[in-house]
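Only one structure is covered here, and it is reproduced in the block below.
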Amino acid sequence: MSDMTANTQPTPKSTSSLYDETKRTKRRNQSEARFKAYGVAAISVGLFFLVALLVAIFSNGIPAFKQTFITIPVELTESALDKTGNRDVAEMSKVSTFGYKPVVTNALITALKDAGIAIPFKKEKDVEKLLSSSVAAQVRDTVLADPSLVGTSVEFRLLASSRVDGYFKGRVTRDALVRDKNLDAEHLDISDAMVKAGLMATTFNADFIFGSDASESRPEQAGIGVSMMGSLFMMIVVLLLSLPIGVATSIYLEEFAPQNRFTDLIEVNISNLAAVPSIVFGILGLAVFIQFAQLPQSAPLVGGLVLTLMTLPTIIISTRASLKAVPPSIRDAALGVGASKMQSVFHHVLPLAMPGILTGTIIGLAQALGETAPLLLIGMVGFIASNMPDGIASGFLDPNSAMPAQIYEWAKRADPAYYERAWGGIIILLLFLMTMNIIAVILRRRFERRW
């Protein structure tokens, strides 16, 4: 009886509430708050370094898009440039740049005197250090293109030397000229006077975007345009080869291949190839395409083949992931209405997976566009292409460089002007990469379907 009474006694009511915060709950909330703080701190640090990187790139690279020019009239005297007076291009071409150099120098001296600018040198021709070493070739090319200009005065927009250009961009200081044999403080005085007289100005330089590389002694003439064409032809090769091969391989492995040890081995090797350093593909391309197949060295065709090998694993993996994302019910419905296996894949599964395939392909191309190491091994930095390709075959087979390789080549040269151009080249390369990634995002959002 006493046991029954004890069992029927009411249990005391708990005074705690679900809204009361216990010690354990406090610890969990504090841990969650710390985790959120760590996440915000990590994002803040990442954004800080990203902003610092972009500021460094644009602050150092923007000056490369400007160049200092000297605008003066040049008297193209017949006695110096066409002694026969026949205006025969074959005869006139015998006059080298050494014959044009005094003509340009005398034109600069005359322009200075006409502007009332004193020349403080014992030898007046010392003012030629204000000019780029490429100006004689520029005048010569203009004359040979139009021999009728001989005997007249033509206004030319000539490149100033890299030191003068650096002075107006803050790269060269008067104190630094004490140890510089290429320029004196008097040249800078003349440059300041020429700016006031309207003979010299720092303006936008389109030749940096559309021009070609130059020798180490003429950094003011160097441009990245020809290298951009080299990258374009390489990307065409990569696109035409990697997209069909990668998509076909993915479709076979995902939809048709039997599940056995052989296909498992292939899948493992594809995943491993995606993690192989890019320089290994460069060694492979050097051995197979150049030394064995005897393809032309430094050609965009060879570069495209090497980058295709490097890009294929990325495209295969992304394409297989896109095919897996298509619901099995699509395949079952197609087979249920009488479609064959191939029809269900190509008519239903592949179109639905196409957004992911295009996205993966563009990202793979963007990765290939920024690669440098494979191109170093096939010699795409050892040749200075002076002109744009003459045609499609020339674009694929003639030696050329690529934007990453050109940037690398500029960065290792001694002249600070090339260092500036390397930063400018990075800006152009980043714009290309950003454009390709934006296209990938647009394609995904345009064609993506949610299940």
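Out of the residues in the range 17-39 that are open to solvent by 100 Å² or more (accessible area, probe 1.4 Å) and at pLDDT 85 or above, which is nearest to the chain's Cα centre (by Cα)?
Restricting to residues being open to solvent by 100 Å² or more (accessible area, probe 1.4 Å) and at pLDDT 85 or above, the top hit is 38.
Does the range 420-443 hold any residues that are buried (at least 16 other Cβ atoms within 10 Å of the Cβ) and over 14 Å from the mean Cα position of the chain (by Cα), and which are they?
Once the filter is applied, which keeps residues that are buried (at least 16 other Cβ atoms within 10 Å of the Cβ) and over 14 Å from the mean Cα position of the chain (by Cα), the range 420-443 yields 420, 440, 443.
Yes/no matrix, rows are residues, columns are (1) open to solvent by 20 Å² or more (accessible area, probe 1.4 Å); (2) part of a loop (DSSP other than H, G, I, E, B); (3) in contact with a Leu (Cβ under 6 Å, 6 or more places away or on another chain):
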| position | (1), (2), (3) |
| --- | --- |
| 236 | yes, no, no |
| 241 | yes, no, no |
| 250 | no, no, no |
| 254 | yes, no, yes |
| 268 | yes, no, no |
| 280 | yes, no, no |
| 286 | yes, no, yes |
| 295 | yes, yes, no |
| 298 | no, yes, no |
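Please work out if residue 340 is open to solvent by 10 Å² or more (accessible area, probe 1.4 Å), among the hydroxyl-bearing types (Ser, Thr, Tyr), out of contact with any Ser or Thr (no Cβ under 7 Å at 6 or more places or on another chain) and over 30 Å from residue 232 (Cα atoms). Steps first, please.
Working: open to solvent by 10 Å² or more (accessible area, probe 1.4 Å): yes; among the hydroxyl-bearing types (Ser, Thr, Tyr): yes; out of contact with any Ser or Thr (no Cβ under 7 Å at 6 or more places or on another chain): yes; over 30 Å from residue 232 (Cα atoms): yes.
For residue 340, the condition - open to solvent by 10 Å² or more (accessible area, probe 1.4 Å), among the hydroxyl-bearing types (Ser, Thr, Tyr), out of contact with any Ser or Thr (no Cβ under 7 Å at 6 or more places or on another chain) and over 30 Å from residue 232 (Cα atoms) - is met.
Counting just the residues of the range 358-388 that are at pLDDT 85 or above and in a loop (DSSP other than H, G, I, E, B), which one comes out least open to solvent (accessible area, probe 1.4 Å)?
Within the range 358-388, the first condition is being at pLDDT 85 or above, and the residues that meet it are 358-378.
Restricting the remaining residues to those that are in a loop (DSSP other than H, G, I, E, B) gives 370-372, 378.
Values: 370: 35, 371: 35, 372: 35, 378: 0 Å².
Ranking the qualifying residues of the range 358-388, first place goes to 378.
List the number of the failed condition for residue 185; all other conditions in (1) free of Cβ contacts under 8 Å to residues at least 24 places away in the same chain; (2) surrounded by 15 or more Cβ atoms within 10 Å (Cβ to Cβ); (3) of a type in the set (A, V, I, L, M, F, W, C) hold.
Among (1) free of Cβ contacts under 8 Å to residues at least 24 places away in the same chain; (2) surrounded by 15 or more Cβ atoms within 10 Å (Cβ to Cβ); (3) of a type in the set (A, V, I, L, M, F, W, C), the lone unmet condition for residue 185 is (2).
Starting from residues that are among the basic types (Lys, Arg) and farther than 14 Å from residue 130 by Cβ, keep the ones in the range 158-182 and report whichever is least open to solvent (accessible area, probe 1.4 Å).
Residues of the range 158-182 that are among the basic types (Lys, Arg), as a first pass: 163, 169, 171, 174, 179, 181.
The next check asks that each one be farther than 14 Å from residue 130 by Cβ; those that pass are 169, 171, 174, 179, 181.
Working: 169: 51, 171: 67, 174: 91, 179: 194, 181: 183 Å².
Only one residue fits best here, namely 169.
Name the residue that is surrounded by the most Cβ atoms within 10 Å (Cβ to Cβ), counting only residues in the range 109-154 that are in contact with a strand residue (DSSP E or B) (Cβ under 7 Å, 6 or more places away or on another chain) and not polar (S, T, N, Q). Steps first, answer last, please.
Let us first name the residues in the range 109-154 that are in contact with a strand residue (DSSP E or B) (Cβ under 7 Å, 6 or more places away or on another chain), namely 111, 130-132, 134-135, 138-139, 153-154.
Next, only the ones that are not polar (S, T, N, Q) stay: 111, 130-131, 135, 139, 154.
Details: 111: 19, 130: 24, 131: 22, 135: 28, 139: 23, 154: 15.
Among residues in the range 109-154 that are in contact with a strand residue (DSSP E or B) (Cβ under 7 Å, 6 or more places away or on another chain) and not polar (S, T, N, Q), the one surrounded by the most Cβ atoms within 10 Å (Cβ to Cβ) is 135.
Just checking, how many residues over the range 130-180 are of a type in the set (D, E, K, R) and touching a residue at least 40 places away in the same chain (Cβ under 8 Å)?
Restricting attention to the range 130-180, the residues satisfying the condition of being of a type in the set (D, E, K, R) are 140-141, 146, 155, 157, 163, 165, 169, 171, 174-175, 179-180.
This time we only want the ones that are touching a residue at least 40 places away in the same chain (Cβ under 8 Å), so: 140, 155, 157, 165, 169, 171.
Going through the range 130-180 one residue at a time, the tally reaches 6.
Within the range 209-232, can you find the residues that are crowded, with 19+ Cβ neighbours inside 10 Å, hydrophobic (A, V, I, L, M, F, W, C) and closer than 13 Å to residue 429 by Cβ?
Correct list: 224, 228.
Out of 56, 107, I need the residue that is among the small types (Gly, Ala, Ser) and either more than 30 Å from residue 143 (Cα to Cα) or under 26 Å from the mean Cα position of the chain (by Cα) (or both). Which one?
Answer to the check: 56.
Would you be able to tell me the number of residues in the range 429-443 that are at pLDDT below 85 and under 19 Å from residue 62 (Cα atoms)?
Residues meeting the conditions: 0.
Does residue 413 count as under 28 Å from residue 167 (Cα atoms), open to solvent by less than 70 Å² (accessible area, probe 1.4 Å) and at pLDDT below 90?
On the way: under 28 Å from residue 167 (Cα atoms): yes; open to solvent by less than 70 Å² (accessible area, probe 1.4 Å): yes; at pLDDT below 90: yes.
So residue 413 passes the test.
The values are calculated or read from the model by the stated rules, or taken from the named source; none is laboratory data. All of these numbers come straight from a predicted model, not from anything done at the bench. All Cβ positions, even for glycine, are placed from backbone atoms using ideal geometry, and neighbour counts span all protein chains on display. Heads up: the accessible areas ignore ligands, DNA and RNA and are worked out on the full protein's heavy atoms, side chains in. Shrake-Rupley method; radii C 1.70, N 1.55, O 1.52, S 1.80 Å.
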